[in-house]
Amino acid sequence: MDRGGIDHAGVGRAWIDGRPATLDAAAAEAGRLLADSRLPVIAGLGTDVAGARAAIALAERLGGAVDHMHAGQLLRDLDIVREARVMLTTPNEARVRADTVLLVGPDLSVAWPDLAPRLLDAPMGHEVVDGARHVFALCPGRSPVKRARETIEAIGRNAGELPDVLAALRARLAGRPVGKLSVSAKRLDALATALQAARFGVVVWSSASLDALSIEMLCGLVADLNARTRFSGLPLAPADNAAGVLQVCGWMTGFPMRTGFGRGSSEHDPWRFDAVRMVESGEADCALWISAYRSAPPPWTRKLPTIVLGAVDVDASNASHVHIAVGRPSIDHDAVEYLAATGTLAAIVASKKNDSLSVADAIGRIAAHLRPDDRPC
Amino acid sequence: MLTCIQSGRVIDPANRRDEVGDVWMHDGRIVDAPQGAKADQTFDATGKIVMAGAIDIHSHIAGANENMGRLMRPEMHHPGHEAAPVPFPFSDAVSSTFATGCRYAEMGFTFVVEPAVAPRQALQAHLELADIPIIDKATLAVLGNDDFLLDLMRKRESPDAVRNYVAWTLATSRSLGIKVVNPGGAAAFKANARAFGLDDIVPFYGVSSRAIVKALQRAVHELGVPHPLHVHCNNLGLAGNVDTALATIAAAEGLPLHLAHLQFYGYGREGECGFSSAGARLAEAVNGAKSVTVDVGQVMFGDTVTISSDVLRQFNARQQARPRKWAIIEGDGNGGGIVPYRYRADDFYNAVQWAVGLELFLLIDDPWRVFFTTDHPNGAPFTAYPDIFALLMSHELRAQWISSLPAAAMEVTTLASIRREYTFNEIATMTRAAPAKLFGLSDRGHLGAGAVADIAVYENDNDRAKMFRSAALVFKGGDLVVRDGNITQYRFGRALTVRPGQDRAIERRLADYYDARYGLRHDFMKVPDNALGRPDPFELVPCAD
């Protein structure tokens with residue numbers, strides 16, 4: 001991903017109401033907007049771990065709320081953890097051990113472009129007796145994942161059928177009869193038999209394209225399979241370091257994103273602290289929008305005082321009152337972020353290191369302009 | 001600045017001191033009483049108890065598994081009072097890193113060890129520790145179910161190779177020691193084993209759990225790492241598992257070995273339910289095995305979340321989840337399981353567990369070798385510590401509790417017959433002097449000149465739980481951080497680490513291994529200082545030559 005002609009000398013520049021400004025003036029104006037706000041929301045949160053720590057600390061100090069642009073998607077996976085049961089594995093363990101992989105739903109190679117090379121086509125570990133890997137795709141839609149050499153057997157086509165097919169598959173695994181479906185009973189039973197024959201199976205899905213009940217059904221199916229054999233789940237993480245920010249929010253506040261601090265201590269409510277709802281309803285009267293990985297615009301339509309910390313400094317004249325251009329984590333500056341290949345937080349050395357501002361730096365400059373407050377931030 | 005804590009009862013077992021007197025500090029360190037000098041600041045401790053800051057050697061406070069536990073249970077996070085502004089950021093966010101530091105400091109704890117960090121998750125664990133205010137902290141790195149080690153053993157490679165790998169792991173994960181959790185059990189579970197004992201063989205690798213323990217024990221010892229291998233034995237929580245614990249104690253063979261949360265292995269098969277306390281037998285074995293140290297893992301009644309790298313045990317415990325939700329994570333080495341649980345005072349099994357823990361505390365006669373833990377949060381949250389101190393210090397209080405618990409459960413333990421009461425000196429030994437020795441820390445856990453000025457001052461209240469719940473004064477590195485049980489300032493401590501020497505060849509070998517097996521650079525798990533966002537985040541503890 002290149003910056004599309006934006007030269008690095010531009011990084012670190014800032015604008016107020018569309019006019020170029022010094023960084024100090026922009027930070028001061030941002031500080032004034034936030035300090036004057038009754039209920040600010042810090043949203044987007046497309047940033048590295050340091051940026052997330054700074055943003056969440058700022059929200060706490062201001063009595064505001066935090067949300068992430070992919071929180072809705074993240075919470076669909078997390079809701080299963082909070083309300084049911086999950087068996088999960090890491091990308092590494094899936095790579096070396098999975099003799100059977102069930103890809104569920106469409107667009108998985110969009111969610112993880114390296115899915116085929118890192119997992120499906122990768123060599124298995126020496127501890128795996130039979131090195132053959134069987135891959136099935138459930139309702140893959142029109143752009144299915146492809147393997148380099150072998151084919152992937154597709155069962156069901158449209159994503160719309162997925163809830164029914166999943167329920168039928170789980171029923172067949174439990175030995176129960178199912179009604180008529182677009183997928184034949186014979187194919188369904190053959191898949192059930194293949195899953196039961198796995199030594200270490202892995203189910204891969206992306207909550208971008210699955211509803212919460214389908215994910216719960218899938219996790220139930222994995223739990224059922226473990227009565228006899230070993231099976232585990234590998235949910236693919238959303239972009240913009242959503243999984244990394246989730247970890248930070250978890251340890252700092254005890255909660256995922258969509259958490260507010262207006263009443264003193266942390267409160268989590270996926271509806272109340274949905275940034276779009278807060279803005280559109282008029283509850284939030286100031287927004288700090290962070291998108292350091294790419295220039296995603298805020299997803300709301302109502303106008304309100306807005307500060308943008310954005311990866312690319314175009315469109316600075318539009319919606320935002322203050323715009324500060326920041327570097328891209330792990331490209332323009334060193335960063336800790338969630339790594340899809342390992343499923344862990346990792347410290348990444350910048351690939352094109354320059355002197356661009358990080359989100360944490362920018363928030364530090366803004367916070368310096370807040371009213372005196374003896375709390376450490 | 002010269003500061004004096006005046007006229008308290010100073011209890012400092014490491015220096016054999018128990019007397020009314022003063023404690024002086026200067027620039028963050030304890031100093032001898034200076035001749036003729038006048039203190040810049042004095043604190044009157046008349047009638048109060050003065051001890052070094054307490055040390056918790058085994059408490060799950062950071063890392064990916066712990067964070068999953070937080071995220072799994074939003075219903076537990078209500079602070080228990082009406083929302084109101086808090087004096088310090090996130091200090092009331094129940095289970096958050098910030099609240100963790102505050103609650104520990106309020107009780108007079110100044111150093112806590114997170115005992116189960118998968119090396120590949122070390123960066124996250126250290127980031128979380130960096131957001132725990134006030135106290136110092138450290139991690140133990142978990143090995144023993146990882147393919148690299150098991151493969152070294154499968155190929156019968158020399159102890160040198162194991163030793164170099166252990167040294168590299170300690171350095172890379174910035175840890176203070178090595179832990180092994182159900183050695184081989186997680187690897188066997190991946191191959192669909194559902195039970196795993198000390199002499200069971202890990203499929204494919206052909207090594208026994210015992211052999212893994214012995215190889216790691218030897219490596220840690222030969223590297224001169226102060227903390228002995230920290231062992232979470234096989235068969236945790238099962239009736240009759242005292243045999244596993246006894247066999248593991250015997251396997252120490254005179255070399256240092258630490259057995260974690262021994263309470264969870266103190267179960268026999270006597271009585272109508274086939275479940276009984278074997279606490280007395282286990283304590284006797286510990287008393288006889290002088291190279292062995294243990295911590296208790298006391299159970300207290302209430303809601304908690306069990307969080308363990310023993311993925312096999314957690315999988316087998318999933319049906320006991322209360323509320324009924326759980327997560328099992330198949331990790332690269334151990335992985336983990338998060339299973340909410342409710343210990344009930346009217347439950348026969350839970351009451352036996354409670355009694356076993358206290359039997360171990362009271363029947364192990366050497367407070368230098370038995371350590372105070374609840375295996376937080378597995379036996380109870382660490383905030384239950386003050387109630388446990390009270391139970392240890394009062395036979396009468398124990399008798400009250402016993403009278404309210406199921407009689408059938410009390411019949412299969414010896415607890416009611418034990419009259420021992422811990423003294424302040426023994427409490428200070430168990431929670432200060434001994435833990436510092438266990439980790440090779442010469443400047444912590446005591447109040448002698450040169451020690452870090454980590455000091456807790458308590459009211460000498462007959463209600464011991466009240467006394468230990470909120471310290472009158474706590475100093476961390478000479479800074480006053482708690483007054484009358486309330487936090488007075490945030491400051492950030494450091495993570496203590498060891499870095500024994502290693503042969504550089506292991507680096508090359510690991511690079512090849514990670515490339516071939518995972519298609520990754522082997523340094524993806526590194527923990528650079530500048531990633532943690534705090535100045536000077538680490539402190540190095542020397543290894544023996």
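The values are calculated or read from the model by the stated rules, or taken from the named source; none is laboratory data. This is a predicted model, so every value here is computed, not measured. Here Cβ is always computed from backbone atoms with ideal geometry, including for glycine, and neighbour counts include all displayed protein chains.
Taking the criterion of being within 13 Å of another protein chain (Cβ to nearest Cβ), charged (D, E, K, R) and either under 24 Å from residue B:331 (Cβ atoms) or without any contact (Cβ under 8 Å) to a residue 12 or more places away in the chain (or both), would at least one residue in the range A:270-291 satisfy it?
no
Would you tally the residues in the range A:244-269 being assigned to a helix (DSSP H, G or I), within 11 Å of chain B (Cβ to nearest Cβ) and within 16 Å of the chain's Cα centre (by Cα)?
The qualifying residues number 6.
Of all residues in the range A:236-266, which are surrounded by fewer than 24 Cβ atoms within 10 Å (Cβ to Cβ) and modelled with pLDDT under 95?
A:262, A:263, A:264 - these are the residues of the range A:236-266 that are surrounded by fewer than 24 Cβ atoms within 10 Å (Cβ to Cβ) and modelled with pLDDT under 95.
Say we look at the range A:327-344 and pick out the residues that are within 11 Å of another protein chain (Cβ to nearest Cβ) and among the hydrophobic types (A, V, I, L, M, F, W, C); which of these is surrounded by the fewest Cβ atoms within 10 Å (Cβ to Cβ)?
The residue in question is A:341.
Please verify whether residue B:414 is among the hydroxyl-bearing types (Ser, Thr, Tyr), within 30 Å of residue B:72 (Cα to Cα) and touching a strand residue (DSSP E or B) at 6+ places or on another chain (Cβ under 9 Å), treating the condition exactly as stated.
Details: among the hydroxyl-bearing types (Ser, Thr, Tyr): yes; within 30 Å of residue B:72 (Cα to Cα): no; touching a strand residue (DSSP E or B) at 6+ places or on another chain (Cβ under 9 Å): yes.
Judged against the criteria, residue B:414 is not a match.
Go through B:49, B:55 for me and flag whichever is crowded, with 24+ Cβ neighbours inside 10 Å and not aromatic (Phe, Trp, Tyr).
B:55
Matching residues to (1) surrounded by 19 or more Cβ atoms within 10 Å (Cβ to Cβ); (2) at negative phi; (3) not β-branched (Val, Ile, Thr):
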| site | (1), (2), (3) |
| --- | --- |
| B:290 | no, yes, yes |
| B:295 | yes, yes, yes |
| B:302 | no, no, yes |
| B:308 | yes, yes, yes |
| B:313 | yes, yes, yes |
| B:319 | no, yes, yes |
| B:323 | no, yes, yes |
| B:326 | yes, yes, yes |
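Whether any residue in the range B:138-158 is within 27 Å of residue A:95 (Cα to Cα) and aromatic (Phe, Trp, Tyr) is what I want to check.
yes
Specify which of the listed residues (A:108, A:120, A:138) is farther than 29 Å from residue B:525 by Cβ, modelled with pLDDT of 95 or more and away from chain B (no Cβ under 11 Å).
A:138
Which of (1) within 17 Å of the chain's Cα centre (by Cα); (2) modelled with pLDDT under 95 does residue A:233 not meet, given it meets every other one?
Of the numbered conditions (1) within 17 Å of the chain's Cα centre (by Cα); (2) modelled with pLDDT under 95, the odd one out for residue A:233 is (2).
Name the single residue, out of those in the range B:328-351 being of a type in the set (Ser, Thr, Tyr) and surrounded by 19 or more Cβ atoms within 10 Å (Cβ to Cβ), that is nearest to the other protein chains (Cβ to nearest Cβ).
So the first thing to find is which residues in the range B:328-351 are of a type in the set (Ser, Thr, Tyr), and the list is B:341, B:343, B:349.
Narrowing further to those that are surrounded by 19 or more Cβ atoms within 10 Å (Cβ to Cβ): B:341, B:343.
Numbers: B:341: 14, B:343: 21 Å.
So, considering only residues that are of a type in the set (Ser, Thr, Tyr) and surrounded by 19 or more Cβ atoms within 10 Å (Cβ to Cβ), the one nearest to the other protein chains (Cβ to nearest Cβ) is B:341.
In this structure, is residue B:182 without any contact (Cβ under 8 Å) to a residue 24 or more places away in the chain and either touching a strand residue (DSSP E or B) at 6+ places or on another chain (Cβ under 8 Å) or among the small types (Gly, Ala, Ser) (or both)?
Considered against the rule, which asks whether it is without any contact (Cβ under 8 Å) to a residue 24 or more places away in the chain and either touching a strand residue (DSSP E or B) at 6+ places or on another chain (Cβ under 8 Å) or among the small types (Gly, Ala, Ser) (or both), residue B:182 comes out as no.
May I ask you to list pairs of residues, at least six apart or on different chains, whose Cβ atoms are under 8 Å apart, with the first in the range A:85-96 being in a helix (DSSP H, G or I) and the second being among the polar types (S, T, N, Q) and at pLDDT 95 or above?
Close Cβ pairs satisfying both conditions: A:91/A:342; A:92/A:342; A:93/A:232; A:94/A:232.
When the residues of the range A:77-94 are filtered to those that are in contact with a strand residue (DSSP E or B) (Cβ under 9 Å, 6 or more places away or on another chain) and either more than 10 Å from chain B (Cβ to nearest Cβ) or basic (Lys, Arg) (or both), which remaining residue is surrounded by the fewest Cβ atoms within 10 Å (Cβ to Cβ)?
The extreme case among them is A:85.
Testing residue B:187 on (1) surrounded by 22 or more Cβ atoms within 10 Å (Cβ to Cβ); (2) part of a loop (DSSP other than H, G, I, E, B), one condition comes back false. Which one is that?
(2)
Please work out if residue B:12 is within 22 Å of the chain's Cα centre (by Cα), away from chain A (no Cβ under 14 Å) and acidic (Asp, Glu).
Answer is yes for this residue.
So is residue B:532 among the aliphatic types (A, V, I, L, M) and within 14 Å of chain A (Cβ to nearest Cβ) or not? I'd like the intermediate steps shown before the answer.
On the way: among the aliphatic types (A, V, I, L, M): yes; within 14 Å of chain A (Cβ to nearest Cβ): yes.
So residue B:532 passes the test.
Can residue B:142 be described as under 26 Å from residue B:531 (Cα atoms), in a strand (DSSP E or B) and among the hydrophobic types (A, V, I, L, M, F, W, C)?
For residue B:142, the condition - under 26 Å from residue B:531 (Cα atoms), in a strand (DSSP E or B) and among the hydrophobic types (A, V, I, L, M, F, W, C) - is met.
Quick test for you: out of A:99, A:114, A:79, A:107, pick the one residue that is in contact with a Lys or Arg (Cβ under 9 Å, 6 or more places away or on another chain) and of a type in the set (D, E, K, R).
None of the other options fit; the residue is A:99.
With over 19 Å from the mean Cα position of the chain (by Cα) and part of a loop (DSSP other than H, G, I, E, B) as the only criterion, which of A:202, A:183 stands out?
Matching residue, one of A:202, A:183: A:183.
Can you find a residue that is assigned to a loop (DSSP other than H, G, I, E, B) and either within 14 Å of another protein chain (Cβ to nearest Cβ) or more than 30 Å from residue A:349 (Cα to Cα) (or both) anywhere in the range B:492-504? Explain how you work it out, then say what you get.
Kept after step one, since they are assigned to a loop (DSSP other than H, G, I, E, B), are these residues of the range B:492-504: B:492-494, B:498-504.
Pick out the ones that are also either within 14 Å of another protein chain (Cβ to nearest Cβ) or more than 30 Å from residue A:349 (Cα to Cα) (or both) and you get B:492.
Checked the range B:492-504: at least one residue is assigned to a loop (DSSP other than H, G, I, E, B) and either within 14 Å of another protein chain (Cβ to nearest Cβ) or more than 30 Å from residue A:349 (Cα to Cα) (or both).
Given the criteria surrounded by fewer than 20 Cβ atoms within 10 Å (Cβ to Cβ) and among the aromatic types (Phe, Trp, Tyr), does residue B:275 qualify?
Taking the combined requirement at face value, the residue satisfies it.
Does the range A:97-111 hold any residues that are part of a loop (DSSP other than H, G, I, E, B) and charged (D, E, K, R), and which are they?
Listed by number, the residues that qualify are A:99, A:107.
State the number of residues belonging to the range A:300-315 that are surrounded by 24 or more Cβ atoms within 10 Å (Cβ to Cβ) and either modelled with pLDDT under 90 or charged (D, E, K, R) (or both).
Count: 1.
I'd like to check something: does the range B:479-496 contain any residue that is of a type in the set (A, V, I, L, M) and within 30 Å of residue B:161 (Cα to Cα)?
To start, the set of residues in the range B:479-496 that are of a type in the set (A, V, I, L, M) comprises B:480-482, B:487, B:495-496.
Within this subset, residues satisfying the condition of being within 30 Å of residue B:161 (Cα to Cα) are B:495-496.
Checking the range B:479-496: at least one residue is of a type in the set (A, V, I, L, M) and within 30 Å of residue B:161 (Cα to Cα).
Across the range A:156-181, what is the total count of residues that are among the small types (Gly, Ala, Ser) and surrounded by 19 or more Cβ atoms within 10 Å (Cβ to Cβ)? So that I can check it myself, show each step before the final result.
Our first condition is that a residue be among the small types (Gly, Ala, Ser); within the range A:156-181, this holds for A:156, A:159-160, A:167-168, A:171, A:174-175, A:179.
Then keep just the ones that are surrounded by 19 or more Cβ atoms within 10 Å (Cβ to Cβ); that gives A:156, A:159, A:168.
Matching residues across the range A:156-181 total 3.
Among the residues of the range B:147-181, write down those that are outside any helix (DSSP H, G or I) and either over 22 Å from residue A:126 (Cα atoms) or outside the structural domain of residue B:525 (by TED's automatic domain parsing) (or both).
B:174, B:175, B:176, B:177, B:178, B:179, B:180, B:181
Name the single residue, out of those in the range B:193-248 being surrounded by 18 or more Cβ atoms within 10 Å (Cβ to Cβ) and of a type in the set (Lys, Arg), that is farthest from residue B:336 (Cα to Cα).
So the residue we want is B:214.
Is the range A:209-223 home to any residue that is assigned to a helix (DSSP H, G or I) and facing chain B (nearest Cβ under 9 Å)?
Checked the range A:209-223: at least one residue is assigned to a helix (DSSP H, G or I) and facing chain B (nearest Cβ under 9 Å).
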